[in-house]
Amino acid sequence: MTRLLTFSLAALASLALWGGPARAADTADANASGSDPAAVIEATARRALDVLEERREEFSEDADALFTAIDEILLPVFDVQRSGDLVLGRHARSASADQRRRFAQALYRALVRQYADNALDFSPDQLVIRPVRGEVDPRRTRVDSEVRLSDGTRVAIAYMLRETEEGWKVFDVVAEGISYVRNFREQYDAEIRRRGLDDVIASLERQGGIAAPDEDGAG
């Protein structure tokens, strides 16, 4: 389970820094009106692959450059707030709007920093993104993909998306049936009940390199 969860989070952090032949692709164009969610995933993967191939050596020596690159690729197509609210689960109902915002942002930043390096460790031989089956649901659509590693291992990864005013965005990643949202919901439910939401948020902000409000003058 640990390996699959790590794979899932690495996929989330990089949103598929893998794929077939590298060629230019503009995620914004793919997310334009009329585009389907599978096209968004494919375009993002191609753009990420271009960046990885061009800057792999730099990324291996400069973690901050890797974080920045992943953020530039992932953030436009990742629904940070929706994903954070789903991880909060029942705690989102009693949390203030500011707590929900801070938790979502801090969780995103912390996980990108924690799992970004894993994206460089995987050596996929092939990435296949499958067309959406059935009717596309703007509230929840699944895009299935399969990664074949260099050792022959095949890993099924599904991206869960919804359509927003900015286009299609990912809010969950599922690797071999293991959901990023479900796993962290269980983890943080226990943490929030034990430590309180504010303490959990502060801890995530430290992990993600986010200055606390009283440290940056915003509080």
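Side notes on the structure shown:
- Candidates are the residues of the range 156-169 that are out of contact with any helix residue (DSSP H, G or I) (no Cβ under 6 Å at 6 or more places or on another chain) and crowded, with 16+ Cβ neighbours inside 10 Å; the one that is farthest from residue 36 (Cα to Cα) is 158.
- The listed residues are 167, 89, and the only one of them that is of a type outside the set (S, T, N, Q), farther than 21 Å from residue 48 by Cα and out of contact with any Pro (no Cβ under 7 Å at 6 or more places or on another chain) turns out to be 89.
- Checking each residue in the range 160-207 for being on the phi > 0 side of the Ramachandran plot and part of a strand (DSSP E or B) picks out only 167.
- Criterion (more than 13 Å from the chain's Cα centre (by Cα), assigned to a helix (DSSP H, G or I) and either under 20 Å from residue 36 (Cα atoms) or at pLDDT below 85 (or both)) met by exactly one of 127, 120, 74, 66: 120
- Boolean, residue 104 is among the small types (Gly, Ala, Ser) and either touching a residue at least 12 places away in the same chain (Cβ under 8 Å) or assigned to a loop (DSSP other than H, G, I, E, B) (or both): yes
- When 202, 190 are checked against the criterion of being surrounded by 13 or more Cβ atoms within 10 Å (Cβ to Cβ) and out of contact with any strand residue (DSSP E or B) (no Cβ under 6 Å at 6 or more places or on another chain), 202 stands alone in meeting it.
- The residue pairs whose first member lies in the range 35-57 and is outside any helix (DSSP H, G or I), whose second member is not aromatic (Phe, Trp, Tyr), and whose beta carbons are closer than 7 Å, counting only pairs six or more residues apart or on different chains, are 36/132; 36/136.
- Flag for residue 143 being within 30 Å of residue 42 (Cα to Cα), buried (at least 18 other Cβ atoms within 10 Å of the Cβ) and touching a Leu at 6+ places or on another chain (Cβ under 6 Å): no
The values are calculated or read from the model by the stated rules, or taken from the named source; none is laboratory data. Note that the structure is a prediction, hence the values are computed from the model and not measured. All Cβ positions, even for glycine, are placed from backbone atoms using ideal geometry, and neighbour counts span all protein chains on display.
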